[in-house]
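See structure below.
The numbers here are math on the coordinates, done by the rules we state, and not lab data. Just so you know, these numbers come straight off a predicted model, no measurement behind them. Glycine also receives a Cβ, built like all others from the backbone with ideal geometry; neighbour counts cover every protein chain displayed.
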Amino acid sequence: MDLTITALLAQDGITNGAIYALLALALVLVFAVTRVIWIPSGEFVAYGTLTLAGLQLGKSPGTIGLLVGMAIVAGAIEAWSCFAHGQTRALPRRLLLWTAAPLAIAGLVHWLAPLQPPFAVQIALALAAVTALGPLLYRIVYQPLAEASVLVLLIVSVAVHLALTGLGLWFFGAEGSRTPPFSSESFRVGEVIVSAQSILVVLSSLLLILALYFFFGRTLYGKALRATALNRVGARLVGISPNLAGALTFSLATLLCAFSGVLIGPITTVYYDSGFLVSLKGFVGAIIGGLASYPLAAVGALLVGLLESFSSFWASAFKEVIVFTLIIPVLLWRSLTAHHHEEEE
Amino acid sequence: MKALARVSMGPAAFAAIVVLLAIVPLTMPPFWVTLGNYIGLYSIVALGLVLLTGVAGQTSFGQAAFVGLGAYTTAYLTTRYGTSPWLTLPIGLVITFAVALFLGFITLRMRGHYLPLATIAWGISLSLLFGNLDFLGGHTGLTGIPPLALPGFELKSERHFYYLIWAIALCALWASSNLLDSRPGRAIRALKGGLEMVEAFGVDAARLKIVVFVYAGLLACVSGWLYAHLQRFVNPSPFGIHQGIEYLFMAVVGGAGSVWGAVVGATLITLLKQWLQDLLPHILGRAGNFEIVVFGVLMVLLLQRAREGVWPWLERLLPKRASPPVPDAPALPVRRKTAGEGARLEVDAARKQFGGLVAVNDLSFEIRPGEILGLIGPNGAGKTTMFNLISGALRLTAGDVRFCGASIGGRQPYEIARLGIGRTFQHVKLIGSMSVLDNVALGAYLRSEAGVLRAALKLDRAEEARIKAEAARQIARCRLDAHTFDAAGSLALGRQRIVEIARALAADPLLLLLDEPAAGLRYLEKQELAALLRSVRADGMTILLVDHDMDFVMGLTDRLVVMGFGEKLAEGLPAEIQKNPVVLEAYLGGIE
């Protein structure tokens, strides 16, 4: 293995690692605020790629059907809960939020798709369509279970993962898709060729991470989310709605996932069920950060990317096995250094 | 809620099930026998998950990988080396034991939900490994596995195999339901009540969770061994992560709190899958595993609406059995209460800081053998923090606590419990779905020793009778006999506090720590409690009492320690404390 190959593998590893880092951040964020171990995050990555791929072909993407369906279900649930609690006056506002808004996004994407807008607009549409699914999923599945144990929420997440995979097959079909790169240029840095695409991926990941940092450090909503993460009851007492926090968190996390999908599309062919393994790699990164630390999770994800890239060179058949086995030494180290567990939940 | 989840069903219902199972191969067409075989195999795996998920509150998505471990071990050894299948079973079990122990060790001693995540990684890795290792046949797998054979008889037909599978499944059900109704089983069921509670009775919670995980893994391995010899070939696909998820669904659908839930869940999921795989391609006009959408949505609805699964509904249809009275049995070993000279407990400059807040500030006091010491003080004085420092629930920042002369500062709660310190909780920690008898019997955990194996094989009955009798005695002593078989959660809060005292007494401690035992009691009940505690003292037990109720404390205690803002304000006889100006100021804000 000479320097050129090493550099190439490192570049691949860092590019993938940057994408896993976005996912790891989304996973830590969701876990911290809602205690949901968000296994289905990978499906939104796949949806992101496949939606963009659909728009590329000038077709209305499969996401639209899903969005319409979930908006109707969410509307029905809201209507039911308003009537059951005698809050009929709140209904129009809630329907506007949970049904009309997602339907408007679906309509917009459906209308613009055949017009083949510029690439940047296509990306924005794809992100909007997929991101709108996040809060709907929270409203339909997780909000009624907000008080359940982490264990129940985890099993629910796995169930959601299964359902979304099957729905992905229904809405997007079994064929894989790739999306065009943002840029096909490359530079020479000494002996090494660096593609502009890789630089763009790493830069946009960094930018998003900084944006998150700013959001949580400086804005009121960000601080409210952090407060909810630390103490749900306490947050409620000072007027932060846990439902709002949950929906907001899911929007943000889904956006991160969909964006990862847009970034990963030019690198690898994505199928309806590709997301699971991608999200699990994000999880390995997140576990390295103890499901709690954002910077450690990002570093862990980068490590996963590098390990994957180098093991695909040395032992490509065992690439995934090696990546997932990485959590064994990590857990071993954590368990040997961890203090005695204090009370759970 | 008075109805109790019974862990076993009556002999009549059990016999009916056995007969029903036995006639399936005699009367049904081959298709149903095959289905019956699979349901049996799945039930064995789901049973392990019922114990792990429904009872111990942990979970695994990697059970399919353990099934694969059992299947591939026997497949490889029998085809490559011609090893007897009867030998490959123990070999597979040993391998599974080692893997499960290792996975459990690195995940279950930590807070949080690392086991399920680790089992997802393990489940994916192992099936990928099976598919990529040439000596295991890669993705095509291994063929030509010999049938199971007894001397002069080969189990080649599915009908014969059916009896073997179900004999093993029923044995596993029997052993598991024995286990749940035993000393270790009570501790496993109590894990849901929080680690702090079980550890206060000497249970090493992390170790117990690992034991349950290993047990579940071993059951899965047996199922895999059977599968390999039923199919006579193996390939990686049935051991992947999605099958692992399906096993968990079986346990949840059936009802993760009862061993029979495993069979019900395995049956329902298997039949539903069969039906959906026929139906959905017709409706949708496309092939594909769309049944996972239905499964996914079904699971979400079930967990939102009926988290207990299907079994509790079926159980209501079974005839109710009255609980038999607890038979008398010889007493459990009792500790000697007259242990030597000096203080029973010495608190020596104990200090606890939470960040910048000093909750307990270099506090020192001692408790003498056979006395009732009251620890009082206004709200926020640090009483409960001090209490938790003694019981080991919190760690000292500085200073020391000595029990019978030996330092216990920095020890784990279950080690402290072993030395002879019993406690109750300020916020009642009982297992609401367990009977008062079982809750109190948990207290006697340290006075008995039956392990998982003895319990599963029902060899623990003599000791179990002594535990139950002891629990019944403590219940009677606390005047709760009318509620012996009621669900603990159905009692009024004040009564539940008394159940906690009975549970602590069942541990036969040298020192009893009571955190606000009188809260929520009515006047007469308080008097009864005071009489009970006096009789406990007369038996030689030492008591530390934390409470707010001045009348109760003044009338009962021998001496008092008064705390304020983490420091000791005063110490002395109740009559002295009542006149102490510093105490009066702390309580009443001073008289200007």
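The orientation-averaged shadow of the Cα convex hull for chain A, equal to a quarter of the hull surface, comes to 19.2 nm².
So, R0 is 22 Å and r is the distance between the beta-carbons of A:ASN231 and B:ARG395; what FRET efficiency does that work out to, to 0.05? Once the sixth-power term is evaluated, E becomes 0.50.
Across chain B, the mean sequence separation of Cα contacts (distance under 8 Å, 6 or more residues apart), normalised by length, yields a relative contact order of 18 percent. Across peptide A:325-334, the average count of Cβ atoms from other chains found within 10 Å of a residue's Cβ is 5. Spacing of the modelled spin labels on B:SER407 and A:GLN87, each 7 Å from Cα toward Cβ, amounts to 5.6 nm. Hull volume per residue, based on the alpha-carbon atoms of segment B:345-588 and their convex hull, is 132 Å³.
For segment A:1-100, the Kirkwood hydrodynamic radius from C-alpha pairs, put into Stokes-Einstein at 4 °C and a viscosity of 1.567 mPa s, yields a diffusion coefficient of 75 µm² per second.
Sequentially through segment A:24-41, phi angles give Karplus couplings (6.51, -1.76, 1.60; θ = phi - 60°) of 4, 5, 4, 5, 5, 4, 5, 5, 5, 7, 10, 6, 8, 7, 8, 4, x, 3 Hz, Gly and Pro residues having no value and appearing as x. In this structure, the amide hydrogen of B:GLY255, modeled 1.01 Å from its nitrogen in the peptide plane, lies closer than 5 angstrom to those of B:VAL310, B:TRP311, counting only residues at least 5 positions away or on a different chain.
Going from the residue with the fewest nearby Cβ atoms within 10 Å to the one with the most, A:THR88, B:THR107, B:THR397 rank A:THR88, B:THR397, B:THR107. Between B:ASP551 and B:ARG80, residue separation times 0.36 nm minus the direct Cα-Cα distance comes to 161.6 nm.
Residues whose amide H lies under 5 Å from that of B:ALA149, counting only those 5 or more places away or on a different chain, are B:LEU155; hydrogens are built 1.01 Å from N in the peptide plane.
Relative to the longest principal axis of the Cα atoms of chain B, the long axis of helix B:523-538 lies at roughly 90 degrees. The trypsin sites (Lys or Arg not before Pro) of segment B:488-592 that meet both conditions, a loop assignment by DSSP and at most 11 other Cβ atoms within 10 Å of the site Cβ, are B:ARG522. Of the GluC sites (Glu not before Pro) in segment B:318-405, the ones in a loop by DSSP (not H, G, I, E or B) with at most 12 other beta carbons within 10 Å are B:GLU341. Using the Cβ-Cβ distance between B:ALA476 and B:SER364 with R0 = 25 Å, the FRET efficiency computed as 1/(1 + (r/R0)^6) comes to roughly 0.05. Close amide H partners of B:ALA570, meaning residues 5 or more places away or on another chain with modelled amide H under 5 Å apart, are B:VAL562.
Relative intensity of chain B on a log10 scale, I(q)/I(0) at q = 0.05, 0.07 Å⁻¹, equals -0.28, -0.52, per a Debye sum over C-alpha point scatterers of equal strength in the absence of solvent.
Phi-derived couplings, Karplus 6.51 cos²θ - 1.76 cosθ + 1.60 at θ = phi - 60°, listed residue by residue for segment B:492-508: 5, 4, x, 4, 4, 5, 5, 4, 4, 5, 4, 5, 5, 5, 5, 7, 6 Hz, with x used for Gly and Pro.
Mean residue ellipticity, 222 nm, helices only, the protein assembly as shown: the sum of -39500 (n - 2.57) across DSSP H runs of n ≥ 4, divided by residue count and rounded to 500, is -19500 deg cm²/dmol. With 27 Å as the limit, write out which pairs from B:LYS209/B:LYS458; A:LYS319/B:LYS192; B:LYS383/B:LYS579; B:LYS320/B:LYS526; B:LYS383/B:LYS468 have Cα-Cα distances beyond it, or answer none. Listed pairs above 27 Å: A:LYS319/B:LYS192; B:LYS320/B:LYS526; B:LYS383/B:LYS468. Note on B:479-491: average number of Cβ atoms from other chains within 10 Å of each residue's Cβ is 0. Among beta bridges identified by DSSP and lying wholly in the protein assembly as shown, the antiparallel ones come to about 65 percent.
Assuming R0 = 60 Å, can you tell me the calculated FRET efficiency for the pair B:SER535 and B:LEU457, based on Cβ-Cβ distance, to the nearest 0.05?
Efficiency for this residue pair is about 0.95.
Segment A:77-118 and segment B:145-185 have Cα centres lying 55 Å from one another.
Per the Kirkwood formula on distinct C-alpha pairs, the Rh of segment A:148-282 is how many angstrom?
Working: mean 1/r = 0.0558 Å⁻¹.
About 17.9 Å for segment A:148-282.
Distance between the pseudo-spin-label points of A:ALA315 and A:THR268 (7 Å out from Cα toward the beta carbon): 1.8 nm.
Which value, in debye to the nearest 20, gives the size of the charge dipole of chain A about its Cα centre, when Lys and Arg are +1 and Asp and Glu are -1 at the Cβ? Don't skip to the end; give the middle numbers.
Details: 16 positive and 15 negative charges, 204 e Å.
Dipole size: approximately 980 debye.
From the P(r) of segment B:261-419, could you give the percentage of C-alpha pairs in the tail past 23 Å? Please report the intermediate quantities before stating the final value.
Working: 8208 of 12561 pairs.
It works out to 65 percent of all Cα pairs.
When each of B:SER323, A:SER195, B:SER391 is scored by the number of other beta-carbon atoms lying within 10 Å, the sequence from fewest to most is B:SER323, A:SER195, B:SER391.
For a paramagnetic label modelled on A:ALA146 (point 7 Å from Cα along Cα→Cβ), amide N atoms under 14 Å away belong, within segment A:25-55, to A:33-36. Spherically averaged projected area of the convex hull of Cα atoms, the protein assembly as shown: 45.4 nm². Per residue, the convex hull spanned by the Cα atoms of segment B:504-592 amounts to 117 cubic angstrom. Each residue of segment A:74-88 was assigned a 3J(HN,Hα) from its phi angle through the Karplus expression (A = 6.51, B = -1.76, C = 1.60, θ = phi - 60°), giving 4, x, 5, 5, 4, 4, 4, 6, 5, 5, 5, 9, x, 10, 4 Hz with x at Gly and Pro. Taking 7 Å steps out from each Cα toward its Cβ at A:ALA10 and A:ILE322 produces label points 1.7 nm apart.
The mean number of Cβ atoms from other chains found within 10 Å of a Cβ in peptide B:288-301 is 6, as a whole number.
The fraction of Cα-Cα pairs per 10 angstrom bin, counted from 0 for segment B:27-240, comes to 9, 33, 33, 18, 6, 1 percent, rounded to whole percents.
Contact order normalised by length for segment B:27-240, with contacts defined as Cα pairs under 8 Å and 6 or more residues apart; what percent is it?
43 percent
Over segment B:380-501, the hull volume per residue, using the convex hull of the C-alpha atoms, is 139 Å³.
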